[in-house]
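Structure first, then comments.
The values are calculated or read from the model by the stated rules, or taken from the named source; none is laboratory data. These figures come from a predicted structure and were not determined experimentally. All Cβ positions, even for glycine, are placed from backbone atoms using ideal geometry, and neighbour counts span all protein chains on display. Calculation scope for accessible area: heavy atoms of the full protein, side chains included, ligands and nucleic acids excluded. Shrake-Rupley method; radii C 1.70, N 1.55, O 1.52, S 1.80 Å.
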Amino acid sequence: MTFSYQAPDRWSPLPEEAFAAIAPTDPQEGTRVLGGVAGPVDATHSFAATIMAVASTIPDDQDDAVVLADSARLIRDTIGGFIMLEDMAWPATPSGAFLRTGIYIEGTVPITMCQWAWVHRAQGGQRFLVTATATSTTDQFPFVADDIVTIVPTIEVAL
């Protein structure tokens with residue numbers, strides 16, 4: 001399993017210890033964090049912009065389109081108060097990706113989230129739902145948005 005990306009100098013890799021809160025570390029569970037990067041910190045809220053990449057195995061009997069639709073539904077169902085603003089085909093790399101954007105409140109902090117989701121086919125035919133999820137405070141988003149849409153197309157995974 002490899003994960004790589006290109007990012008401006010103000011972004012740095014997240015340590016693997018940060019991943020445990022997001023997904024199980026046991027790849028047998030079917031979901032694993034591939035990697036993540038942290039960007040500038042919004043000093044007002046002590047919240048760093050992040051991009052996290054996660055892969056989940058797709059059962060053989062599930063259609064790609066259904067998996068992608070279910071992943072959008074999962075965002076709405078699991079993030080309290082999430083308002084999805086967009087769910088659209090992404091016209092650039094990663095190929096075949098969908099971009100979901102939305103907002104929610106985490107405690108008292110307004111968060112803007114962008115998630116790219118696509119189906120990755122590994123050698124041997126196994127399919128994975130890969131998501132790259134970027135979060136930042138809504139106040140900070142205008143200052144990191146260009147970085148985010150520059151970093152995500154450079155993400156490469158090999159599973």
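Some values worked out for this structure:
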| item | result |
| --- | --- |
| Which numbered condition Pro94 fails, given (1) modelled with pLDDT under 95; (2) in a strand (DSSP E or B) | (2) |
| Hey, Gly125 surrounded by fewer than 19 Cβ atoms within 10 Å (Cβ to Cβ), of a type outside the set (Lys, Arg), modelled with pLDDT under 95 and over 28 Å from Arg10 (Cα atoms) or not | yes |
| Residue in region 132-154 that is closer than 15 Å to Met52 by Cβ, in a strand (DSSP E or B) and at pLDDT below 95 present | no |
| Residues within region 75-106 that are closer than 26 Å to Pro142 by Cα, open to solvent by 70 Å² or more (accessible area, probe 1.4 Å) and out of contact with any helix residue (DSSP H, G or I) (no Cβ under 9 Å at 6 or more places or on another chain), tallied | 8 |
| Criterion (part of a strand (DSSP E or B), surrounded by 13 or more Cβ atoms within 10 Å (Cβ to Cβ) and out of contact with any helix residue (DSSP H, G or I) (no Cβ under 6 Å at 6 or more places or on another chain)) met by exactly one of Thr112, Thr50 | Thr50 |
| Any pair with Cβ under 6 angstrom, 6 or more apart, that starts in region 101-115 at a residue that is modelled with pLDDT of 95 or more and ends at one that is assigned to a loop (DSSP other than H, G, I, E, B) | Gly102/Phe82; Tyr104/Ile79; Tyr104/Gly81; Tyr104/Phe82; Ile105/Gly81; Val109/His45; Pro110/Thr138; Thr112/Thr138 |
| Residue in region 88-96 that is free of Cβ contacts under 8 Å to residues at least 12 places away in the same chain and of a type in the set (Gly, Ala, Ser) present | yes |
| Residue list for region 48-76, filter: under 18 Å from Phe98 (Cα atoms) and over 14 Å from the mean Cα position of the chain (by Cα) | Thr57, Ile58, Gln62, Asp63, Asp64, Ala65, Val66, Val67, Ala69, Asp70, Arg73, Arg76 |
| Subset of region 97-109 that is under 15 Å from the mean Cα position of the chain (by Cα) and in a strand (DSSP E or B) - its residue that is farthest from Val66 (Cα to Cα) | Ile103 |
